[in-house]
1. Give the residue that is nearest to the chain's Cα centre (by Cα), with candidates limited to residues of the range D:52-69 that are part of a helix (DSSP H, G or I) and modelled with pLDDT of 90 or more.
2. Which of the residues spanning the range D:310-325 are in contact with a strand residue (DSSP E or B) (Cβ under 7 Å, 6 or more places away or on another chain), under 22 Å from D:GLN90 (Cβ atoms) and either of a type outside the set (Val, Ile, Thr) or surrounded by fewer than 23 Cβ atoms within 10 Å (Cβ to Cβ) (or both)?
3. Can you tell me which residues in the range B:60-109 are in a helix (DSSP H, G or I) and among the basic types (Lys, Arg)?
4. Condition check: crowded, with 20+ Cβ neighbours inside 10 Å, closer than 28 Å to A:ALA274 by Cβ and within 8 Å of chain B (Cβ to nearest Cβ). Does A:ASN37 satisfy that?
5. Listed residues D:ILE48, D:ILE87; which is within 26 Å of D:LEU186 (Cβ to Cβ) and either among the β-branched types (Val, Ile, Thr) or surrounded by fewer than 18 Cβ atoms within 10 Å (Cβ to Cβ) (or both)?
6. Output the qualifying pairs, or none if there are none: Cβ atoms under 6 angstrom, residues six or more apart or on different chains, first residue in the range D:150-172 and within 15 Å of D:GLY228 (Cβ to Cβ), second residue of a type in the set (Phe, Trp, Tyr).
7. It is to be established whether one or more residues within the range D:359-370 are in a helix (DSSP H, G or I) and either buried (at least 22 other Cβ atoms within 10 Å of the Cβ) or without any contact (Cβ under 8 Å) to a residue 12 or more places away in the chain (or both).
8. Kindly establish whether A:LEU180 is farther than 30 Å from A:LEU235 by Cβ and touching a residue at least 12 places away in the same chain (Cβ under 8 Å).
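The values are calculated or read from the model by the stated rules, or taken from the named source; none is laboratory data. Since the structure is predicted, the reported quantities are computational estimates derived from the model, not experimental observations. Here the Cβ positions follow ideal geometry from the backbone for every residue, glycine too, while neighbour counts run over all protein chains shown.
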Amino acid sequence: MSTLLGRQGRQTAMVACFLLPSLAVFLLYRILPLGWNVWLSFQSWSPLHPAQFIGLDNYDEMLRDDDVFWTALRNTLVFMSSAPIAIVLALGIALLVNSDLRGAAIYRTIVFLSYPLMTVAVAIIWRWMYDERGGLINFVLRRLGLVDKPLAFLQSFDLAMPSVIAADVWQVLGFHMIILLTGLQSIPPHLYEAARVDGAPAWARFWRITVPMLRPSLFLCAVIGILNSFSSFDLVYVMTNGGPGHATELLITWIYKTGFGQSRFDYAAALTVAQFALLLVLTFLAHLASGGNAGERA
Amino acid sequence: MRARGMWPRHAALLVVCAIMLVPFYWVVKTSLTGENIYAYPPRLLPQAPHLFNYVDVWYLIPFPRYLLNSVIVSLLAVGGNIVLNALAAYALTRAFPGRRWVVLLLLSCMLIPFQATIIPAYLITARLGLLNSWLGLALPMLSTIVCIFVFKAAFEAVPRSLIDAARMDGLGDLRILARVLLPLCKPAIATNVILSFIWSWNNFMWPLIVTRDPLMQTLPLGLARFLSYVEDTTGALYAFVVMVLVPGLAVFLMAQKEFMRGLTAGATKG
Amino acid sequence: MYQRTRPVRRLQNRFVLVPLVLAVLVAAWNLYVALHAHGVVAGRVVEADGRPAAGATVILYERDFITQNERGRTTTGPDGGFRFNGNASHLVQLQARQGALRSARVTLRLWFRAQDARLAQPLRLGPG
Amino acid sequence: MKRRTFLAATTAAATLQLARPALAQSSRKISFLTWNIADAADIVNSWIADFTKARPGVEVEWLDKKGPELPAFYQTQLVAGTPPDIINTQGALGLEYAASGALLDLTPLLARQADVKARFNADYLDNWAMEGRNWMLPFYISKSLMFYNKTLFAKAGLAGPPTSFDELMNAAEKIGTGDNTGFITLNFDWLYWPLFAMNAVQLLTPDLKAPAFNTAQAADVMARLARGTQGQAVDKISWTGRWVEPLGAFAAGRIGMLQAHSPAYYFVKGQGPWVNADTLGAAQMPGNWATPNSHGLGISKGSKHPELAWEFITFITSTPQAAKLVNTRRILSANKELDAALLARLEKEEPLAAAVLRTQVEHTDRMCGNWRLAHDSRIKEAFYPELQNVMLGRKDAKTALADAERKVARELRRA
């Protein structure tokens, strides 16, 4: 068979059968479900009634009728800020740990400690820390005299989202630090010697050497960060369940509530397609921002 | 970075470590005492700590059986990840028509949130006849797109001369991958091991939907036993959380050295 | 160019060494459990003033988070000692009674089910 | 030799074929999906053992899922066409599944067995009746009551539990000083609704077709509660906590009154060493109003053995079998005979538990917050966030009520 296809044909055949298993898994558990959601978003359907085609009614309801959708959309974009925050903090920690510091490995392990923890556990313990009376944060703030009345973090409309973002940053910080740390350690030292010889100050070395060399790692962190903020269902669901009001309602929790909570799978499918479209746009923007060949350089 | 005196660096790191460790300390402390954490003022030191909450957790849920299920599913996921991701990544390093489209397809596959795929994924697994089975539990996690890109970058970092020499010796693609590329990308393998282990070990929603037989459940599903309405299971709940955490941590500590070099090789040369 | 890891070095690889060490520890623990799991719970009952209480009845409860179910009763010997066999739980409570006198319910937590245990403090009989 | 082994193999396969259909014919399997009672494993297993012992070839598969995850599991099974034969739901969720056509109508079965119907307290059984048809049997029941901290009441110079909304708010304001707050409530499944029912506020018109809560009276009640929440009369966690925080806070002994249903008693007792008959009181909410939060047993319409499923749920709610749950877990089952016996026994063993559980069987005609709605969760999702906006001071009562009315009306129209 190989002689028939010639060198190029045999190459494509090899590529196809190497890619096949992975693509099969993604086809079964990502592409087909997305297709099912897209098909369902144009139907009116519940588990026991046959589907009827209703065109864009679901989307119409979503864009015009459902103000929770717009709140959840805005909250999701705000919640996405947990990615850059985590990346900036992780970069700072990675820079600190990167030098020949004694005990760097211990610091690294402690910061990474929170990542393998179950998200439900993170949500439960942070929900207690933010508690108005018995919580630790209020206890420390009052003991230091920084605040006279305890702050109701998860009960106030403007503090709830930052509190949830802080808990998310706490959990993903270790992961981003590890990615950036490996990026830092691969920068050849001679680049720094050359810059130091030219008398470049520390911040100049950082901007002209460290950041450009770290760009692929930063892109990897950005993509995973965006992904995490769109799928951190457990953290928000257990910590605030979208409350107070819909102040911390994310698209993903609203999809779960309308889908399984209210058995409206057709409407939840429309929300899913909307979220997927939004993510496509965001990834395309990140793709451009990182020099136009994200897929290549990640 | 010239060492401008280690002192400020240690101070900053100690603050960071405090912030990271305090919630942990409370989880472990409550697992030892089982006290009401909403009591005011919060007590810093544990009152009459004892390890018996861990014994309770061992007997309250069929812990050994859940642990066995979790280990098997995670081993399947880790093994699947290494093989499938390496094959896919190797294919992506070769030029073929439509390569950019496959890369974009993979990137977009990453963007589909799991919660939205539960029902179709269940229907597909049912048709495959893999319900209530270890393979059915591990199948969606057999390949992860992020890890494919990690492997791809690591393979591209290997100098082409090595690959061409191997091809000259008449090695097929599979043997080039196994004999030349993978031994040189052990760090990328470590990255795959840690990420796929932690993601499959902590997976909660998929096992909940796919398993009907309680004996097929994985460890995280034991959590429900400690969130019961009727009993005060605070101590046991936190002990359970610590026991679920330990394996994930152990895998990280074991693979930490390679884990760090792995992403490096990929990140810069890509 | 093609690396051959010698078998010995493969053994020192952490991914093999750590599971091996764990397996040995688990085997040793299971051996200890097998040797000490006869379900024997023993102790002494004393009067309020410390003298051994002969003929007092001792009740063994199996405890879970809400309820405690009685599993067995026995009476103390002349020296106030008592002994239960066949305890299958890892969390039990003991209470001594003699006529109107009762002792406090002492919770006994064990490391594994049916572990052989002896009460450190005697059960002290007192008014109701 | 090969031929003989071949013959032996085919005969073996043939006999297996013959045996299998006979086996399949008599082996019938039903599945029982319960709501977060994994802790009652010994009781459920003994039910299954007793049930299958008397019926050879019958198997019962027990599945237990936590509250938030049970809908996801059940509906996925529904879509896949393999729903569990018996489902145990909490609150109004059962009626939603019934209205969507997922559950079997139990009225004819109940009519055939009058003794089964006579077992149950009629008001609780009626909780799962819609348009005159019964959809579920009571499994274990509870409704909301008021727990009050007698020590804090004495310190504030209050005689006993309040008997009107004003008395309740005044007491809450008196107790809410220093680090203490006066009143806290659970907020899931309409458990807070007695606060409105005692002020004659109706959520919907009697025909459940239109909202009826946008009134001056409702605005006053909301404004009063909001003022209390800004101060220390009403604890903020009432409106944002779910289970562990409100009960944990009350168990910490710094809150005067707690509105919750009877299972909360065991959690509070476990978490609060101070709890005993002298320090904790149990009473009806003012006006004796209470929101039921009971667990029901229903049969999926897609069940392959509906009559076997009916046999199972009547078996486990029969007096000897239900006694296992009632006596060991000390909870009520709406089985009149068993509940009375438990109350009598608890009078002697644990008077406080008896006081708590007696409130569950008194005034069962004054239940509120249990409208027979086909889409209860959508109405909840439309109304409750607006209530939170008022309680946490984001909107004033009037605008929030108007917004809530618009949303609830739309949900009713779309249902």
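1. This residue is D:THR52.
2. Selection gives D:TRP310, D:PHE312, D:THR317, D:ALA322, D:LEU325.
3. Selection gives B:ARG65, B:ARG99, B:ARG100.
4. Judged against the criteria, A:ASN37 is a match.
5. D:ILE87
6. Cβ pairs passing all conditions: D:ALA172/D:PHE183.
7. yes
8. no
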